[in-house]
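Novice: One structure is given below, represented as structure tokens, and several questions about it will come after.
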Amino acid sequence: MLLGFLTLFSLALAQSGPQLYQQNCAFCHGENGQGRVGAFPPLAAHTTELIKTPEGRAHLINTLLFGMQGPVRVKGNTYNGVMPAFGQFTDEQIANVLNYVLNAWGNDKLLPRDHRPITPAEVANARSVNGSRPTPQQVGSNRTRINVP
Ligand code: HEC
């Protein structure tokens with residue numbers, strides 16, 4: 001009974017945004033989403049800028065599903081690294097980790113007023129657009145059309 005409870009508890013934890021972030025993203029983007037200048041773009045006070053643009057929502061989801069590669073400028077610094085794809089995550093895990101990133105570290109205060117959380121259905125939809133998956137390079141080149149500071 002206790003064991004069953006503990007198993008359920010750890011499964012729930014493995015789905016949770018904070019846990020997914022610390023185990024899969026913090027290594028590069030930093031425990032507080034601060035990134036590392038020139039190597040890994042910050043997510044704090046940055047993903048909130050992306051989400052305000054018309055293409056930003058799709059870009060966030062695509063970056064997680066398909067990865068991203070190619071030069072990108074964020075807050076005056078250039079990054080040209082490789083963001084690994086997390087397509088092995090479930091739709092719910094991708095939504096959870098993105099919603100965590102969009103609300104952690106004070107990001108919640110920077111979200112647009114009409115912001116709606118990312119849903120697993122949106123992720124599922126992005127996964128199967130025309131049955132074709134963009135390459136990390138395509139995600140990177142689409143990103144050049146998004147203007148954020
Ligand atoms: C191995 C290091 C690494 C890991 C692990 C990693 N990222 Fe990234 N991430 C990067 C790099 C490098 C870029 C920029 C890619 C480029 O230069 O094109 C990036 C880009 C991004 C972007 C897009 C930023 C923009 O301005 O377009 C988001 C969002 C993001 N990562 C979120 C995450 C999340 C969430 C996780 C965990 C599930 C994660 N990353 C795990 C290295 C990493």
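Coordinate-derived values only; no laboratory data. What you see is a predicted model, and the numbers here were worked out from it, not measured in a lab. Every residue, glycine as well, gets a Cβ built from its backbone with ideal geometry; the counts of neighbours run over all protein chains shown.
Novice: Taking the Cα centre of the range 2-144 as the origin, how large is its charge dipole in debye, to the nearest 20, when only Lys and Arg (+1) and Asp and Glu (-1) carry charge on their Cβ atoms?
Specialist: Dipole magnitude for the range 2-144 comes out near 340 debye.
Novice: Separate question: I need 37, 97 ordered by Cβ neighbour count within 10 Å, fewest first.
Specialist: Neighbour counts put them in this order, fewest first: 37, 97.
Novice: Residue 137 versus residue 78, label points 7 Å from Cα toward the beta carbon: distance in nm?
Specialist: In this crude label model, residue 137 to residue 78 measures out at 1.9 nm.
Novice: Across the range 1-144, how large is the tail of the calculated P(r) beyond 28 Å, expressed as a percent of all Cα pairs?
Specialist: Percentage above 28 Å: 16.
Novice: At a Förster distance of 35 Å, what's the computed FRET efficiency of residue 23 paired with residue 55, Cβ-Cβ distance as r, to 0.05?
Specialist: Computed FRET efficiency for residue 23 and residue 55: 0.80.
Novice: Something else now. How much FRET efficiency would the formula 1/(1 + (r/R0)^6) give for residue 90 and residue 145, where r is the Cβ-Cβ distance and R0 is 30 Å, rounded to 0.05?
Specialist: 0.55
Novice: Here is a further query. Quick one: Karplus J couplings for the range 97-108, per residue in order, coefficients 6.51, -1.76, 1.60, θ = phi - 60°, nearest Hz, x for Gly and Pro?
Specialist: 6, 5, 5, 4, 4, 6, 10, 7, 6, x, 4, 3
Novice: Treat the count of other C-beta atoms within 10 Å as a stand-in for reagent exposure and order 68, 83 from fewest to most.
Specialist: 83, 68
Novice: Here's another thing I want to ask about it. What number, rounded to the nearest 500 deg cm²/dmol, is the helix-based mean residue ellipticity at 222 nm of the chain, given -39500 (n - 2.57) per DSSP H run of at least four residues and division by all its residues?
Specialist: Mean residue ellipticity, 222 nm, calculated: -13500 deg cm²/dmol.
Novice: Moving on to the next point. If amide hydrogens are placed 1.01 Å from N in the peptide plane, which non-local residues have theirs closer than 5 Å to the one on residue 68?
Specialist: 83
Novice: Moving to a separate point now. Under 16 Å from a label point 7 Å along Cα→Cβ of residue 127: give me every residue in the range 54-84 with its amide N that close.
Specialist: 61-67
Novice: Averaging over all projection directions, find the projected area of the Cα convex hull of the range 1-82 and quote it in nm² with one decimal place.
Specialist: So the Cα hull casts an average projection of 6.5 nm².
Novice: When the Karplus curve 6.51 cos²θ - 1.76 cosθ + 1.60 is applied with θ = phi - 60°, which whole-Hz ³J(HN,Hα) does each residue of the range 117-123 get, with x for Gly and Pro?
Specialist: x, 6, 9, x, 5, 5, 5
Novice: Continuing with this model, one more query. Step through the residues of the range 17-30 one at a time and calculate ³J(HN,Hα) from phi using the Karplus curve (6.51 cos²θ - 1.76 cosθ + 1.60, θ = phi - 60°), rounding each to whole Hz and writing x for Gly and Pro.
Specialist: With the stated coefficients, the range 17-30 comes to x, x, 5, 4, 5, 4, 7, 10, 10, 4, 3, 9, 7, x Hz.
Novice: Which of 73, 116 comes first, and how do the rest follow, when ranked by fewest Cβ neighbours within 10 Å?
Specialist: Ordered from fewest to most neighbouring Cβ atoms within 10 Å, 73, 116 come out as 116, 73.
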